[in-house]
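Quick notes on the structure that follows.
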Amino acid sequence: MKKSTLRRFVSIILALTMMLSLMIPAVTASAASSEKDARDFFKYVGDEGKNALEVLNKAKGVKSGSTSATNLTNMYAALELAEQVNTYRKQEGKSALKVSHTGMAMAMANADWSASQSNLKHSGQFGLDSYGYGYSTRGENLAWAKNAAKAAKAWYAEKQNLSNGKETGHYENMVNSKFTECGVGLSKINYASHSNNYTYCQVYQDTSKKENGTYSVSNYKKKLKAYMDSVGVSTSFQDNASMQKDGLEYKVTNTSKKYVTVVRATSSTSIKKILVPDTVTLNGTTYTVTAIGASAFENYNNVPTLAIYAEHLTSVGKNAIKGMKSDLEIKVPKSKGDDYKKLFCNSKTGWKSTMKYTPVKWK
């Protein structure tokens, strides 16, 4: 090989090597940013997050991923519970609770642990001051609820029990003057198993001299949001109860198996086509469609064909096709012809004898 040719060859190899060295870190950084959670936030805030990070690393039941309380979006959404409770405290003439990093870590750990249980119960893993952070009084509330407002309302409703001897513990924690700090957690684990409720946890404690990261709720939200913005994580909380795509609304019914039910059509009743897919990708997660809910397509009387591509349906709800065209044609996967006929062709769903049921081989 001539020297000039060799030099050109070496130059090309060096150029390619430099390109690869520039490309690889960018991909790695992108992948890493998508996995950031509360642990990374506590590292980000430095020394004031040291105790909180220790809690998450040592506590039992702490999970990771989109359903965990440590998910940054879930963490941010949980702060609404602190706001709701402070509203009730104001009504009672009590000072607003501040939010501490350590309290947040404890609440997230216990939210995940409790969400993983079949019954709503406390982990009891932190005790009065298990980690030696200097707290002299602590409390904790748990709830399975659709949202933070309903969780706080249920706790506060116990006020009426003060005169009848029934449960008042949640209310008393909410308005206890000895508590000055709190932490909150929201876990989506086993959402469907808990009757489509999230697991909320709020821990209460007094002020510790060993806690550096304590803020008003609004300032804590600002600090957390600033970090989330810096790593490209949205603060927009997606409620499992309502996710929409391509003219249909879905409800997650099993987070671990990734099952969804078609709740309803979201387009106007004048549409000419409804297609139920086998799978649907919502917020980056692919789910299998396993059911069509009650009244899902009721009164969509301009649709000539209901195209069912889903191959894993186990139920079709009451009045799902009631009020649709009398000559509606329901097309289903050929392999599911006999099974799906039992699901669709009965009086419960709104089926009429004039409708047509057709198993087809979808391409």
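The values are calculated or read from the model by the stated rules, or taken from the named source; none is laboratory data. Nothing here was measured: the structure is a model prediction, and the numbers come from that model. Counting neighbours? That spans all protein chains shown, and the Cβs are built from the backbone with ideal geometry, glycine included. Heads up: the accessible areas ignore ligands, DNA and RNA and are worked out on the full protein's heavy atoms, side chains in. Shrake-Rupley method; radii C 1.70, N 1.55, O 1.52, S 1.80 Å.
Excluding residues fewer than 8 places away in the same chain, name every one of the lysines whose C-alpha is closer than 20 Å to that of K272.
K245, K322, K325, K331, K352, K356
How about K257: which aspartates and glutamates have a C-alpha closer than 16 Å to its C-alpha, ignoring those fewer than 8 places off in the same chain?
Answer for K257, where 16 Å is the Cα cut-off: D278, E311, listed by chain and number.
Mind listing the long-range amide H neighbours of Y357? Cut-off is under 5 Å, sequence gap 5 or more, other chains count too, H placed in the peptide plane at 1.01 Å from N.
Amide H neighbours of Y357: I330.
With +1 on each Lys and Arg Cβ and -1 on each Asp and Glu Cβ, and nothing else charged, work out how big the dipole of segment 51-202 is about its Cα centre, in Debye to the nearest 20. Display every interim value, and only then the final one.
Numbers: 16 positive and 11 negative charges, 41 e Å.
Computed about the Cα centre, the dipole is about 200 debye.
Determine, from the Cβ-Cβ distance of K318 and S218 and an R0 of 51 Å, the FRET efficiency 1/(1 + (r/R0)^6), rounded to the nearest 0.05. Can you show the working numbers first?
Numbers: r = 45 Å, r/R0 = 0.89.
About 0.65, to the nearest 0.05.
Report the label-to-label distance for K178 and K363 in nanometres (one decimal), using points 7 Å from each Cα along the Cα→Cβ vector.
7.3
Between (i) 29, 63, 7; (ii) 25, 40, 27, 7, 1; (iii) 25, 53, 22, 0, which matches P(r) over Cα pairs in 20 Å bins from 0, in percent calculated for the structure shown?
The calculated read-out lines up with (ii).
When a/c reaches 1.5 or more, the comparison of a/b and b/c decides; with that in mind, is segment 55-153 rounded, prolate or oblate per its Cα gyration tensor? It would help to have the intermediate numbers written out before the result.
On the way: a/c = 1.63, a/b = 1.18, b/c = 1.39.
Oblate.
Rolling a 1.4 angstrom probe over the protein heavy atoms, how many square angstrom per residue are accessible across the chain?
Values: 18130 Å² over 363 residues.
Solvent-accessible surface per residue comes out at 50 Å².
With each pseudo-label sitting 7 Å past Cα toward Cβ, what's the K60-K352 distance in nm, one decimal?
Between K60 and K352, the label points sit 6.0 nm apart.
For the chain, what relative contact order do you get, as a whole percent, if you take Cα pairs closer than 8 Å and at least 6 residues apart? Mind dumping the intermediate values first?
Details: 715 pairs, mean separation 48.0, N = 363.
Relative contact order, the chain: 13 percent.
What part of the accessible area of the chain, given as a whole %, is carbon or sulfur when the probe is 1.4 angstrom?
On the way: 9170 of 18130 Å².
Ligands and nucleic acids excluded, carbon and sulfur reach 51 percent.
Can you find, among L142, A115, I189, the residue farthest towards the positive end of the dipole of the chain? Put +1 on the C-beta of Lys and Arg, -1 on that of Asp and Glu.
Comparing the listed Cα positions along the dipole, I189 ranks first.
Taking a 31 Å limit on the Cα-Cα distance, which of the listed pairs K36/K273; K58/K222; K273/K348; K60/K318; K63/K342; K166/K222 fall beyond it? The partial results should precede the final answer.
Values: K36/K273 41 Å; K58/K222 27 Å; K273/K348 23 Å; K60/K318 43 Å; K63/K342 41 Å; K166/K222 39 Å.
In this structure, K36/K273; K60/K318; K63/K342; K166/K222 lie more than 31 Å apart at Cα.
So, with +1 on the Cβ of K and R and -1 on the Cβ of D and E, and no other charges, what is the size of the charge dipole of the chain about its Cα centre, to the nearest 20 debye? Let's see the in-between values first.
On the way: 50 positive and 29 negative charges, 267 e Å.
For this selection, approximately 1280 debye.
List the equivalent ellipsoid semi-axes of segment 134-277 in whole Å, largest first, each obtained as the square root of 5λ for an eigenvalue λ of the Cα gyration tensor.
Taking √(5λ) for each eigenvalue gives 37, 22, 13 Å, largest first.
Name the GluC sites (Glu not before Pro) in segment 162-216 that are in a loop by DSSP and that have at most 13 other C-beta atoms within 10 Å, would you? Spell out each step's value before the answer.
Values: sites: E167, E172, E181, E211; in loops: E167, E211.
Sparse-neighbourhood loop GluC sites (Glu not before Pro): E167.
Step through the table entries K188/K336; K146/K341; K98/K188; K94/K251, compare each Cα-Cα distance with 27 Å, and write down the pairs that go over it. Working shown, then result.
On the way: K188/K336 33 Å; K146/K341 35 Å; K98/K188 24 Å; K94/K251 39 Å.
Exceeds cut-off: K188/K336; K146/K341; K94/K251.
Looking at segment 244-326, send over the antiparallel percent of its DSSP beta bridges, to the nearest 5.
Details: 12 of 21 bridges.
Approximately 55 percent, going by the DSSP bridge assignments.
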